[in-house]
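Comments concern the structure below.
The values are calculated or read from the model by the stated rules, or taken from the named source; none is laboratory data. Every value quoted in this text rests on a predicted model; they were computed, and no experiment measured them. Glycine also receives a Cβ, built like all others from the backbone with ideal geometry; neighbour counts cover every protein chain displayed. For accessibility, only protein heavy atoms count, side chains too; no ligands or nucleic acids. Shrake-Rupley method; radii C 1.70, N 1.55, O 1.52, S 1.80 Å.
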Amino acid sequence: VQLQAYGGGLVQAGGSLRLSCAASGRLFSRYTMAWFRQAPGQAREFVASIRWSDGGLGYADPVKGRFTISRDNAKNTVYLQMNSLKPEDTAVYYCAADRSGRGGSYSGFYEYWGQGTLVTVSS
């Protein structure tokens, strides 16, 4: 599986962006998908995930109520709708895919990673 993330950019605080991650390869619908982010000088952190088996969603506390993860299996794409953006959301956002079914918030369970897309939120 190859992942291509896009949709990042510069936005003012309080604004919105939608990130997309297009996947190539077969059986996209059988992958748990997730978004992680990494701010300058900080470790990569979990943002959100969506399980392939039951569509179960998971969110990191800082983004709950503001971000929404979704997927379109017909288009082999996962999305991250980000609303009410804050300067602390500034980071490179990565999409990731897990075939094993473990998924969740632990980055080590994800076998495939996209190249990242930069989101900058100005105050």
Please go through region 17-32 and pick out each residue that is part of a strand (DSSP E or B) and more than 16 Å from THR117 (Cα to Cα).
SER24, THR32
List pairs: first in region 39-62 and over 18 Å from TYR110 (Cβ atoms) and modelled with pLDDT of 95 or more, second open to solvent by less than 20 Å² (accessible area, probe 1.4 Å) and of a type outside the set (Lys, Arg), Cβ under 6 Å, 6+ apart or cross-chain?
ALA39/ALA91
When region 34-48 is checked residue by residue, the ones that are polar (S, T, N, Q) and either closer than 14 Å to GLY114 by Cα or open to solvent by less than 10 Å² (accessible area, probe 1.4 Å) (or both) are GLN38
Screening ARG51, ARG102 for residues that are open to solvent by 50 Å² or more (accessible area, probe 1.4 Å), among the basic types (Lys, Arg) and over 15 Å from the mean Cα position of the chain (by Cα) leaves only ARG102
Among residues belonging to region 61-72 that are under 11 Å from the mean Cα position of the chain (by Cα) and of a type in the set (A, V, I, L, M, F, W, C), point out the one that is nearest to LEU85 (Cα to Cα).
PHE67
Top-ranked residue of region 4-30 - restricted to ones that are farther than 17 Å from ALA91 by Cβ and open to solvent by less than 20 Å² (accessible area, probe 1.4 Å), ranked as modelled with the lowest pLDDT
PHE28
Is one or more of the residues making up region 70-79 touching a residue at least 24 places away in the same chain (Cβ under 8 Å), surrounded by fewer than 22 Cβ atoms within 10 Å (Cβ to Cβ) and of a type in the set (A, V, I, L, M, F, W, C)?
no
Tell me which residues, restricted to region 34-62, are in contact with a Leu (Cβ under 9 Å, 6 or more places away or on another chain) and either in a helix (DSSP H, G or I) or among the aliphatic types (A, V, I, L, M) (or both).
VAL47, ALA48, ILE50
Exactly one of GLY108, GLY65, GLY103 is out of contact with any strand residue (DSSP E or B) (no Cβ under 9 Å at 6 or more places or on another chain) and over 19 Å from GLY7 (Cβ atoms), and that residue is GLY108
